[in-house]
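Colleague: To start, I am sharing the structure in question, which I have written as structure tokens.
The values are calculated or read from the model by the stated rules, or taken from the named source; none is laboratory data. Please read these numbers as outputs of a predicted model, since none were measured by experiment. Glycine gets a Cβ as well: all are built from the backbone with ideal geometry, and neighbour counts include every protein chain shown. When the accessible area is computed, the model is the full protein with side chains, heavy atoms only, and any ligands, DNA or RNA have been set aside. Shrake-Rupley method; radii C 1.70, N 1.55, O 1.52, S 1.80 Å.
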Amino acid sequence: MPKNTIGKVRTRFAPSPTGYLHVGGARTALYSYLYAKHTGGEYVLRVEDTDQVRSTEDALKMQVEDLLWLGLNWDEGPDPKTLKDLGSFAPYRQSQRLEIYKKYSDQILAQGKAFYCFCTDEDLERKRQKAMKEGRPPHYDGTCRKIDIETAKQKISRGEKGAVRFLVTHTHDVKFNDLIRGEVVFPPGMLGDFILLRSDGMPVYNFCCTIDDALMEITHVLRAEEHLSNTLRQLLIYEALGFEIPIFGHLSIILGADRQKLSKRHGDTSCHEYKEKGYLPEAIKNYIALLGWSSPKGQEIFTESELIEQFDLDRLNPAAAVFDEVKLKWVNAQYIRTMPHAELWQKLLPFFDGAGLKLPSDIEWQDKAIGLMKTSMETLVDAVELFRPLSLTELDLNDEGKEVLKWETSFKVITKWREKIEGCGKMYLSTAEFDAIINSVKDECNVKGKFLFMPTRVAIIGKPHGAELKQLVPLLSKDVLVARANRCLKI
């Protein structure tokens, strides 16, 4: 018999391994993690993989990677490297717990609180359609209730397929106190007899979820609002088996900018996609923490220790939360700007490599470049175009740049620019030295405005519009500037 003393908080995140971890699932995992850590409790990862058609090992690995990327490390569950179980309540995959579910199914049958149902899918659909036409709830009509257990077992022994249905007999309100929504009341008549085990022996979600939460001594179940309708079935199963009921908290729904439930039509919804787009895991955690919870100190940006310290269930809000990409970018930018330069550079390297950029390996140069560029970055991907002009690869001239090179004064301006650079005794120009050279080229070539700056910009970055030259030139060595000017002069 499971124990649940609430002496130690035990939370769980129980995803179905059918794809990447989406934003809603990440928030559930985060809240469960934060509350366990806030209370000194334990956080469990359980895999709900009884959907044999959609559940895959690859999807499980993807979700594990996403959770680890977010830093939501679990105390019990599949080992992150081997996916073998770690913890005293193993196995943590529902597909490996079928004998356990069968045991409790047999117990409920023996108690007369469930029965075998031999109705075919076609029978059930026909009855459902008939009930709907007559304006009745499409509940199961109790056809197989009258079949006694011994007769049912004989039918099964002859090869007939029978599902196990829970016998719904309650005539009273079923109530529970939701952490977020207060008292929730389910009046009688909301349910027909519902399935516990399908005819192939596979348990349904509500049955295995209830048993696992009880046996794993889960004290607090935080989950999405859409699971609220499942709670009635689970409460009846808890009561039938004599299990202590955990504390439930049903989280607010997450909406897109159009105030519709967040989904793929809104664009990126998985943590993996945000990772690919250059978002930091710390920023994702920070932002989704605020989708239904607020800091008692009014903070918006947190360290992980601050999140753990401040997070409590009494600050959860039942009102729908709106996922705002603009706010997420702002949060991400705050983390980028405060991250140590060396750490930020390491995070940027995969994006630079993916774009084919070749940048100096000198640590001092990298530190200076990050210092100048990070205030223009909202995501790590932004760094690619910011740093592209600094790549040591050959200068790439766009069509506009080639047109500028045809201007009558451009050859003279670039020649003089190259001459001044070659005469400079330093490897890198300062901003003041760049200003002095530009003013000298202006005076000696008798040009100004676009006829001065556009050719110079083309000689530096290959196009007449773009980054501020005062920002770029101090990061380009004298040799690179001369080589780029020479290429333009040849054209």
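Colleague: Need a quick list: helices (runs of 4 or more DSSP H) entirely within the range 229-339 having at least 1 residues that are out of contact with any helix residue (DSSP H, G or I) (no Cβ under 7 Å at 6 or more places or on another chain) and open to solvent by less than 10 Å² (accessible area, probe 1.4 Å). Write out each step before concluding.
Modeller: Working: elements: 231-241, 271-276, 281-289, 304-310, 325-338.
Of the helices (runs of 4 or more DSSP H) lying wholly inside the range 229-339, those with at least 1 residues that are out of contact with any helix residue (DSSP H, G or I) (no Cβ under 7 Å at 6 or more places or on another chain) and open to solvent by less than 10 Å² (accessible area, probe 1.4 Å) span 231-241, 325-338.
Colleague: To continue, here is another question. Going by the structure shown, is GLU57 more than 18 Å from the chain's Cα centre (by Cα) and either in contact (Cβ under 8 Å) with a residue 12 or more places away in the chain or open to solvent by 60 Å² or more (accessible area, probe 1.4 Å) (or both)?
Modeller: Numbers: more than 18 Å from the chain's Cα centre (by Cα): yes; either in contact (Cβ under 8 Å) with a residue 12 or more places away in the chain or open to solvent by 60 Å² or more (accessible area, probe 1.4 Å) (or both): yes.
Spelling it out, GLU57 is indeed more than 18 Å from the chain's Cα centre (by Cα) and either in contact (Cβ under 8 Å) with a residue 12 or more places away in the chain or open to solvent by 60 Å² or more (accessible area, probe 1.4 Å) (or both).
Colleague: Any residue that is closer than 30 Å to ASP148 by Cα and open to solvent by 60 Å² or more (accessible area, probe 1.4 Å) - is there at least one of those in the range 1-17?
Modeller: Yes, the conditions are met somewhere in the range 1-17.
Colleague: Contact list please: Cβ distance under 6 Å, first residue in the range 170-196 and open to solvent by 30 Å² or more (accessible area, probe 1.4 Å), second residue charged (D, E, K, R) and assigned to a loop (DSSP other than H, G, I, E, B), pairs at least six apart or on different chains.
Modeller: VAL185/ASP173; PRO187/ASP173
Colleague: State all residues of the range 79-92 that are modelled with pLDDT under 95, closer than 24 Å to ARG54 by Cα and touching a Pro at 6+ places or on another chain (Cβ under 9 Å); if no residue qualifies, say none.
Modeller: LYS84, ASP85
Colleague: Report yes if ARG198 is touching a Cys at 6+ places or on another chain (Cβ under 6 Å), of a type outside the set (Gly, Ala, Ser) and within 16 Å of SER105 (Cα to Cα), otherwise no. Outline the logic, then answer.
Modeller: Numbers: touching a Cys at 6+ places or on another chain (Cβ under 6 Å): no; of a type outside the set (Gly, Ala, Ser): yes; within 16 Å of SER105 (Cα to Cα): yes.
Against the criterion (touching a Cys at 6+ places or on another chain (Cβ under 6 Å), of a type outside the set (Gly, Ala, Ser) and within 16 Å of SER105 (Cα to Cα)), ARG198 does not qualify.
Colleague: State which residue pairs qualify: first residue free of Cβ contacts under 8 Å to residues at least 12 places away in the same chain and over 20 Å from VAL326 (Cβ atoms) and inside the range 371-389, second residue open to solvent by 20 Å² or more (accessible area, probe 1.4 Å) and among the basic types (Lys, Arg) in any location, beta carbons under 7 Å apart, and separation of 6 or more residues or different chains.
Modeller: Nothing qualifies.
Colleague: Follow-up. In the range 374-429, what residues are assigned to a helix (DSSP H, G or I) and among the hydroxyl-bearing types (Ser, Thr, Tyr)? Lay out the reasoning, then the answer.
Modeller: Going through the range 374-429, the residues assigned to a helix (DSSP H, G or I) turn out to be 374-376, 382-390, 399-404, 410-422.
Once the filter is applied, which keeps residues that are assigned to a helix (DSSP H, G or I) and among the hydroxyl-bearing types (Ser, Thr, Tyr), the range 374-429 yields THR375, SER376, SER410, THR415.
Colleague: Moving on. Quick check: is even one residue across the range 107-119 part of a helix (DSSP H, G or I), farther than 27 Å from GLU225 by Cβ, open to solvent by 50 Å² or more (accessible area, probe 1.4 Å) and touching a residue at least 40 places away in the same chain (Cβ under 8 Å)?
Modeller: Start the filter on the range 107-119 by keeping residues that are part of a helix (DSSP H, G or I), which leaves 107-110.
Keeping just the survivors that are farther than 27 Å from GLU225 by Cβ gives 107-110.
Subsequent filtering for residues that are open to solvent by 50 Å² or more (accessible area, probe 1.4 Å) retains 107, 110.
Going one step further and asking which of them are touching a residue at least 40 places away in the same chain (Cβ under 8 Å), we end up with 107.
Within the range 107-119, one or more residues are part of a helix (DSSP H, G or I), farther than 27 Å from GLU225 by Cβ, open to solvent by 50 Å² or more (accessible area, probe 1.4 Å) and touching a residue at least 40 places away in the same chain (Cβ under 8 Å).
Colleague: If you scan the range 467-480, which residues turn out to be crowded, with 17+ Cβ neighbours inside 10 Å, within 37 Å of the chain's Cα centre (by Cα) and part of a loop (DSSP other than H, G, I, E, B)?
Modeller: Passing the criteria: only ALA467.
Colleague: Filter the range 135-164 down to the residues that are open to solvent by 100 Å² or more (accessible area, probe 1.4 Å) and part of a loop (DSSP other than H, G, I, E, B), then identify the one that is farthest from SER199 (Cα to Cα).
Modeller: ARG136
Colleague: Continuing with the same structure: Go through the residues of the range 334-347 one by one and say whether even a single one is of a type outside the set (S, T, N, Q) and under 22 Å from SER430 (Cα atoms).
Modeller: Of the residues in the range 334-347, the ones of a type outside the set (S, T, N, Q) are 335-337, 339-345, 347.
Cutting the leftovers down to under 22 Å from SER430 (Cα atoms) gives us 341.
Scanning the range 334-347, I find at least one residue that is of a type outside the set (S, T, N, Q) and under 22 Å from SER430 (Cα atoms), so the answer is yes.
Colleague: Sort out which residues of the range 54-91 are aromatic (Phe, Trp, Tyr) and within 20 Å of ARG27 (Cα to Cα), and write them in order of number. Full working, then the answer.
Modeller: Step one: of the range 54-91, the residues aromatic (Phe, Trp, Tyr) are 69, 74, 89.
Within the range 54-91, TRP69, TRP74 meet the criteria.
Colleague: Only one of (1) in contact with a Phe, Trp or Tyr (Cβ under 9 Å, 6 or more places away or on another chain); (2) at pLDDT below 95; (3) among the β-branched types (Val, Ile, Thr) is not met by ILE253, so which one is it?
Modeller: For ILE253, the exception is condition (1).
Colleague: Let me ask something else about it. If you scan the range 373-397, which residues turn out to be open to solvent by less than 20 Å² (accessible area, probe 1.4 Å) and among the polar types (S, T, N, Q)?
Modeller: Across the range 373-397, the qualifying residues are THR379, SER391.
Colleague: Moving on to the next point. Take GLY41 and decide whether it is of a type outside the set (Val, Ile, Thr), open to solvent by less than 50 Å² (accessible area, probe 1.4 Å) and at positive phi.
Modeller: Details: of a type outside the set (Val, Ile, Thr): yes; open to solvent by less than 50 Å² (accessible area, probe 1.4 Å): yes; at positive phi: no.
So GLY41 fails the test.
Colleague: Still on this structure, please answer the following. If you go through the range 438-466 one residue at a time, how many are more than 25 Å from ASP367 (Cβ to Cβ) and buried (at least 16 other Cβ atoms within 10 Å of the Cβ)? Break it down stepwise before answering.
Modeller: If we filter the range 438-466 for residues that are more than 25 Å from ASP367 (Cβ to Cβ), which is where we start, we get 438-459, 462-465.
From what's left, buried (at least 16 other Cβ atoms within 10 Å of the Cβ): 438, 441-442, 445, 447, 451-459, 462-464.
So the count comes out to 17.
Colleague: What are the pairs with Cβ atoms under 9 angstrom where one residue, in the range 221-244, is of a type in the set (Lys, Arg) and the other, located anywhere, is assigned to a helix (DSSP H, G or I) and surrounded by fewer than 19 Cβ atoms within 10 Å (Cβ to Cβ)? Sequence gap at least six, or different chains.
Modeller: ARG223/ASN230
Colleague: Anything in the range 197-226 that is crowded, with 18+ Cβ neighbours inside 10 Å, farther than 19 Å from ARG27 by Cα and not aliphatic (A, V, I, L, M)? List them, or say none.
Modeller: The answer is SER199, PRO203, ASN206, PHE207, CYS208, CYS209, THR210, ASP212, ASP213, GLU217.
Colleague: Could you grab me the full set of residues in the range 60-75 that are open to solvent by 20 Å² or more (accessible area, probe 1.4 Å) and not in a loop (DSSP other than H, G, I, E, B)?
Modeller: LYS61, MET62, GLU65, LEU68, TRP69
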